[in-house]
1. Please enumerate the residues belonging to segment 23-58 that are among the hydroxyl-bearing types (Ser, Thr, Tyr), surrounded by 14 or more Cβ atoms within 10 Å (Cβ to Cβ), assigned to a loop (DSSP other than H, G, I, E, B) and modelled with pLDDT under 95.
2. I'm trying to understand the selection: among the residues of segment 1-18, which are polar (S, T, N, Q) and at pLDDT below 95?
3. Considering each residue of segment 92-120, count those that are among the small types (Gly, Ala, Ser) and part of a loop (DSSP other than H, G, I, E, B), and give that number.
4. For residues in segment 149-189 being at pLDDT 95 or above, in a loop (DSSP other than H, G, I, E, B) and touching a Lys or Arg at 6+ places or on another chain (Cβ under 8 Å), which is farthest from residue 73 (Cα to Cα)?
5. Restricting to segment 121-148, name every residue that is of a type in the set (A, V, I, L, M, F, W, C), assigned to a loop (DSSP other than H, G, I, E, B) and in contact (Cβ under 8 Å) with a residue 60 or more places away in the chain.
6. Among the residues of segment 59-82, write down those that are of a type in the set (A, V, I, L, M, F, W, C) and outside any helix (DSSP H, G or I).
7. Quick one: in segment 165-180, of everything that is surrounded by 22 or more Cβ atoms within 10 Å (Cβ to Cβ) and of a type in the set (A, V, I, L, M), which residue is farthest from the chain's Cα centre (by Cα)?
8. Note down all Cβ pairs under 7 Å where the first residue falls in segment 72-91 and is on the phi > 0 side of the Ramachandran plot, the second is surrounded by fewer than 24 Cβ atoms within 10 Å (Cβ to Cβ) and outside any strand (DSSP E or B), and they're at least six residues apart or on different chains.
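The values are calculated or read from the model by the stated rules, or taken from the named source; none is laboratory data. All of these numbers come straight from a predicted model, not from anything done at the bench. Counting neighbours? That spans all protein chains shown, and the Cβs are built from the backbone with ideal geometry, glycine included.
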Amino acid sequence: MEKICVIIPACNEEKTIGQVISQIPNHFSPSISKIVVVDAGTTDNTAAVAQASGAKVLNLGSRRGLAEAFRAGLKEALKESADIIVTIDADGQYSPKDVPRIVAPILTGEANVVLGSRFNGGIEDMPISKKLGNIFFTLIIRILTKVPLTDSQTGFRAMTSNVARNLDIKSDYTYTQEMILNTAFMGFRIKEEPIFFAKRRHGESRLIPHPLIYALRATKTIIKSYMRNLLKAKRRKNNYLCLSS
């Protein structure tokens with residue numbers, strides 16, 4: 001029976017984290033074996049609410065970026081011997097009830113990585129700047145990977161433990177595009193599933209504070225990651241040619 005671990009990066013989300021945890025379904029097979037909240041520099045009661053709601057809290061100490069929280073979450077999930085790892089945001093915009101939908105293609109062997117697509121599903125509210133940014137970066141990732149994606153920025157994802165072990169996330173800011181580049185270049189099967197994206201009810205994003213800052217840093221991350229993956233692909237090809245000659 002597969003073990004599923006849900007990772008929730010969080011920074012000052014005390015008003016929503018409890019509801020997110022409580023709504024993660026455990027009535028489907030296989031059941032959720034562990035929920036880990038990665039506390040990325042919280043100054044409110046996020047950690048206490050998460051613990052009271054039944055989650056394990058991984059405290060990173062000082063304020064950290066989304067990529068650092070993602071890496072720490074994957075490491076903890078692998079430590080827990082998870083077979084499938086799901087990531088979801090702490091702000092309640094993604095529906096935890098969609099977890100079975102996200103893991104289904106992995107369970108059936110259709111995919112190694114599943115991305116929850118807001119654009120294939122439904123969007124209750126998204127600022128035009130973020131929507132245009134999502135469309136732009138998704139187009140770039142589609143061109144670079146030749147994978148027909150509709151939402152490369154989504155924070156609602158599932159992957160096998162094998163994918164998690166092979167990821168090489170170098171960014172100290174965001175992981176979303178770099179993860180897709182890594183997995184596409186390594187030949188993992190990537191699939192999208194439609195999900196609903198709700199309006200944010202409380203506060204603003206803490207892990208990604210400003211769209212312009214995000215765009216500049218994400219662009220830098222994409223360029224660096226693409227070049228690294230190209231070099232790795234060339235090395236793998238050369239090694240194969242040497243072994244087969």
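1. 42
2. 12
3. Residues in segment 92-120 being among the small types (Gly, Ala, Ser) and part of a loop (DSSP other than H, G, I, E, B): 4 in total.
4. 149
5. Selection gives 126 alone.
6. 60, 82 - these are the residues of segment 59-82 that are of a type in the set (A, V, I, L, M, F, W, C) and outside any helix (DSSP H, G or I).
7. First, pick out the residues of segment 165-180 that are surrounded by 22 or more Cβ atoms within 10 Å (Cβ to Cβ): 171, 174-180.
Of the ones still in play, those that are also of a type in the set (A, V, I, L, M) are 179-180.
Details: 179: 8, 180: 10 Å.
Looking at the filtered set, the residue picked out is 180.
8. Once the first residue is on the phi > 0 side of the Ramachandran plot and sits in segment 72-91, its partners that are surrounded by fewer than 24 Cβ atoms within 10 Å (Cβ to Cβ) and outside any strand (DSSP E or B) give 81/3.
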